[in-house]
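The values are calculated or read from the model by the stated rules, or taken from the named source; none is laboratory data. Because the structure is a prediction, the values reported are computed rather than measured. Positions of Cβ are backbone-derived with ideal geometry, glycine not excepted, and every protein chain shown enters the neighbour counts.
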Amino acid sequence: MKHLEIDGRLNGWDNLAQGARRIKKRSPWQSIAEFINKTLIITELEVRKLRHDPTDLIVRAVQPVLWLLIFGQVFTRIRGIPTNGLPYLDFMAAGILAQSVLFVSIFSGGMSLIWERDLGLAHKFLVSPTPRAAIVLGKGIASGVRCLSQVFVVYLLSLVLGVQLNFSVIAMLGVLLIVMLGAACFSIFSIIVACLVKSREGFNGMGQLLTMPLFFASNAIYPIEIMPHWLQFVSHINPLTYQVDALRGVMLLNGTSIYGYGFDTAVLVLVLICLTFIGGRLYRQIGM
């Protein structure tokens with residue numbers, strides 16, 4: 001009997017060793033495919049929440065309406081902001097779309113994580129074999145899906161106000177890509193803040209503190225050239241600036257991009273990769 005028991009244990013260790021060798025033999029492409037699959041699973045879980053509570057999307061749609069109808073109409077009459085020949089409403093439309101994406105993604109990503117921690121769901125993710133970076137990236141992509149409703153609202157209102165929009169298929173796809181990238185960046189940024197703050201009250205305060213400087217230190221409602229030099233420097237390291245620049249180039253019929261759509265996209269992708277790495281490292285702290 002002892003020999004049988006020893007043989008059984010040896011067979012068990014052999015199976016574990018073979019399994020470990022299989023994992024080691026897994027190609028990089030298989031690892032990438034598994035990472036993408038788990039990221040999409042997290043994205044699907046997050047998107048399902050919209051079916052249970054879509055009211056947040058309706059409330060968030062009010063903000064771009066107020067900015068375009070009130071702020072945009074007033075500053076169109078003033079004509080005190082240089083816009084390189086564009087009507088101010090046209091110039092502002094892309095900035096307000098980026099602003100809507102910023103506000104929705106900042107408050108959806110981090111707040112969702114805090115609720116999951118309070119309900120004990122975050123601990124279940126922590127003990128799962130899903131990579132932390134996949135969890136964070138999946139939440140970021142889901143935030144991008146959430147922000148697609150803002151594209152519809154801003155486009156519809158801009159059309160009513162007479163903004164010259166570019167409705168070509170390539171332009172529309174370009175807008176959706178930039179919205180998704182920008183939303184993912186700011187959502188993961190808010191997740192990083194939520195990992196550090198760890199309370200709803202603290203996160204709400206930090207959210208307000210972060211969104212307004214990001215918005216006003218960008219080219220969303222005025223060009224960078226009229227800013228003071230120190231603010232121009234801040235604007236150049238602000239990801240929202242590149243999101244607005246890309247949107248202004250593809251969203252408007254006569255719009256132009258200062259840095260180029262390819263450069264803007266590359267900056268957002270690089271920021272997304274860096275934030276995903278940082279968020280994946282900090283995500284484990286949510287369970288502490």
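So which residues in segment 214-235 are exposed (fewer than 13 other Cβ atoms within 10 Å of the Cβ) and either in contact (Cβ under 8 Å) with a residue 12 or more places away in the chain or in contact with a helix residue (DSSP H, G or I) (Cβ under 9 Å, 6 or more places away or on another chain) (or both), if there are any at all?
Hits for segment 214-235 are 225, 226.
A quick yes/no check of all residues on (1) in contact with a Gly (Cβ under 9 Å, 6 or more places away or on another chain); (2) crowded, with 18+ Cβ neighbours inside 10 Å; (3) not hydroxyl-bearing (Ser, Thr, Tyr):
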site: 63; (1), (2), (3): no, no, yes
site: 71; (1), (2), (3): no, no, yes
site: 98; (1), (2), (3): yes, yes, yes
site: 164; (1), (2), (3): yes, no, yes
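For the structure I just gave you, tell me whether residue 227 is under 18 Å from residue 94 (Cα atoms) and either within 23 Å of the chain's Cα centre (by Cα) or among the aliphatic types (A, V, I, L, M) (or both). Steps first, please.
Details: under 18 Å from residue 94 (Cα atoms): no; either within 23 Å of the chain's Cα centre (by Cα) or among the aliphatic types (A, V, I, L, M) (or both): yes.
Judged against the criteria, residue 227 is not a match.
What is the residue count in segment 198-233 for residues that are hydroxyl-bearing (Ser, Thr, Tyr) and assigned to a helix (DSSP H, G or I)? Please lay out each step first, then the result.
Quick first cut of segment 198-233, residues hydroxyl-bearing (Ser, Thr, Tyr) only: 199, 211, 218, 222.
Add one more test, that the residue is assigned to a helix (DSSP H, G or I), and what stays is 211.
Matching residues across segment 198-233 total 1.
With the checklist (1) over 16 Å from residue 271 (Cβ atoms); (2) crowded, with 19+ Cβ neighbours inside 10 Å; (3) at pLDDT 90 or above; (4) of a type in the set (A, V, I, L, M) in hand, flag the one item residue 179 doesn't pass.
Just one mismatch for residue 179, condition (1).
If you scan segment 87-117, which residues turn out to be farther than 17 Å from residue 135 by Cβ and charged (D, E, K, R)?
Residues of segment 87-117 farther than 17 Å from residue 135 by Cβ: 87-104, 106-107.
If the condition is that a residue be farther than 17 Å from residue 135 by Cβ and charged (D, E, K, R), then 90 is the only one that fits.
Based on this model, can you work out whether residue 110 counts as surrounded by 17 or more Cβ atoms within 10 Å (Cβ to Cβ), under 17 Å from the mean Cα position of the chain (by Cα) and under 24 Å from residue 65 (Cβ atoms)? Outline the logic, then answer.
Working: surrounded by 17 or more Cβ atoms within 10 Å (Cβ to Cβ): yes; under 17 Å from the mean Cα position of the chain (by Cα): yes; under 24 Å from residue 65 (Cβ atoms): no.
In short, no.
With segment 62-174 as the region, which helices (runs of 4 or more DSSP H) entirely inside it contain at least 2 residues that are modelled with pLDDT of 75 or more, in contact with a helix residue (DSSP H, G or I) (Cβ under 9 Å, 6 or more places away or on another chain) and among the charged types (D, E, K, R)?
Of the helices (runs of 4 or more DSSP H) lying wholly inside segment 62-174, those with at least 2 residues that are modelled with pLDDT of 75 or more, in contact with a helix residue (DSSP H, G or I) (Cβ under 9 Å, 6 or more places away or on another chain) and among the charged types (D, E, K, R) span 88-119, 132-160.
Pick from 163, 151, 145: which is in contact with a strand residue (DSSP E or B) (Cβ under 9 Å, 6 or more places away or on another chain), among the hydrophobic types (A, V, I, L, M, F, W, C) and within 19 Å of residue 61 (Cα to Cα)?
Details: 151 fails: in contact with a strand residue (DSSP E or B) (Cβ under 9 Å, 6 or more places away or on another chain); 145 fails: in contact with a strand residue (DSSP E or B) (Cβ under 9 Å, 6 or more places away or on another chain).
None of the other options fit; the residue is 163.
Within segment 247-286, how many residues turn out to be at pLDDT below 85, surrounded by fewer than 14 Cβ atoms within 10 Å (Cβ to Cβ) and either assigned to a helix (DSSP H, G or I) or among the small types (Gly, Ala, Ser) (or both)?
Matching residues across segment 247-286 total 2.
Quick test of your reading of the structure: residue 272 fulfils all but one of (1) over 14 Å from the mean Cα position of the chain (by Cα); (2) touching a residue at least 60 places away in the same chain (Cβ under 8 Å). Name the failing condition by number.
For residue 272, the exception is condition (1).
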